[in-house]
Amino acid sequence: MKNIKKSLVLGMIVDKQKQTDNTDKLDSLRDRLLDRAGGPVGLQTMALPLSGSTLFTLFSYMMWQVPLWTLIFAWQGWPEYKVFAGILPAALVYILITYAATLFTAKGYIRAFKVFLIITTLTALGSVVNFIAAVISWLPATGINYTHLVTAALGLIFSVCSVLCLNSAMFYRTMAFCLHNHLWRRQINAERRKEHRPAVTRKR
């Protein structure tokens, strides 16, 4: 998890330093971020690792929703044919939260990145539990559910791919570029506020 930790540390440094009003320090920090990003042009500027991780996380989440909600409905004694009444609202909320976390991570907000990491971790844990349950179904006494096993294995693979995207060197460069742009926008907005601030006139 080397590059994930480096991205978190870099984000926390920027989150702390951006509070200063010292333009020279902010310019110096932006230059260092751009150096770590590898320049303003390249694959890192397209946020491909972040987009890939988001898609893999969503795919992983979808793989264990049917078994989960089937179990919940069976436990509550609800009709099994209505299982999608649980899947669809949960999926909608999950997608909205994940999309918001991804969007604000791309905008350079470290808190959004932390939320995205939590989502990815919880989704991966769900995939692990689902895979274990699928493997248990291979026991002679319980019978074999090939569909469950295949989807559980796919969910686990998607989670691994999601983590690999986040832990890639390109993702670290992408985060550096996103943080650079975040600081740049913050400086531009600060300059605009100064320009529109009404001048204070002294009373004679």
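The values are calculated or read from the model by the stated rules, or taken from the named source; none is laboratory data. Computed from a predicted model, the values in this text were never measured in an experiment. All Cβ positions, glycine included, derive from the backbone under ideal geometry; neighbour counts span all protein chains shown. Note: areas computed on protein heavy atoms with side chains; ligands, DNA, RNA excluded. Shrake-Rupley method; radii C 1.70, N 1.55, O 1.52, S 1.80 Å.
Determine whether region 5-13 contains at least one residue that is open to solvent by less than 50 Å² (accessible area, probe 1.4 Å) and among the aliphatic types (A, V, I, L, M). Yes: region 5-13 contains one or more residues that are open to solvent by less than 50 Å² (accessible area, probe 1.4 Å) and among the aliphatic types (A, V, I, L, M). Note on region 142-194: residues that are within 26 Å of Lys114 (Cα to Cα) and not hydrophobic (A, V, I, L, M, F, W, C) amount to 15.
Picking from residues in region 154-174 that are closer than 14 Å to Leu8 by Cα and of a type outside the set (Ser, Thr, Tyr), the one that is most open to solvent (accessible area, probe 1.4 Å) is Arg173.
Given the condition without any contact (Cβ under 8 Å) to a residue 24 or more places away in the chain and in contact with a Leu (Cβ under 7 Å, 6 or more places away or on another chain), answer yes or no: does some residue in region 7-18 qualify?
yes
Test Ser127 against the stated conditions and say whether it is polar (S, T, N, Q), modelled with pLDDT of 95 or more and touching a Gly at 6+ places or on another chain (Cβ under 6 Å).
Considered against the rule, which asks whether it is polar (S, T, N, Q), modelled with pLDDT of 95 or more and touching a Gly at 6+ places or on another chain (Cβ under 6 Å), Ser127 comes out as yes.
With respect to the conditions (1) within 21 Å of the chain's Cα centre (by Cα); (2) assigned to a helix (DSSP H, G or I), Pro67 lacks only one, and its number is (1).
For region 52-89, give me each residue that is among the polar types (S, T, N, Q) and more than 30 Å from Tyr172 (Cα to Cα). Scanning region 52-89 gives Gln65, Thr70, Gln76. Restricting region 74-120 to residues that are farther than 26 Å from Asn167 by Cβ and part of a loop (DSSP other than H, G, I, E, B), which is most open to solvent (accessible area, probe 1.4 Å)? By that ranking, first place goes to Trp78. From the list Pro40, Pro49, Pro67, the lone residue that is farther than 28 Å from Ile119 by Cα and in contact (Cβ under 8 Å) with a residue 60 or more places away in the chain is Pro40.
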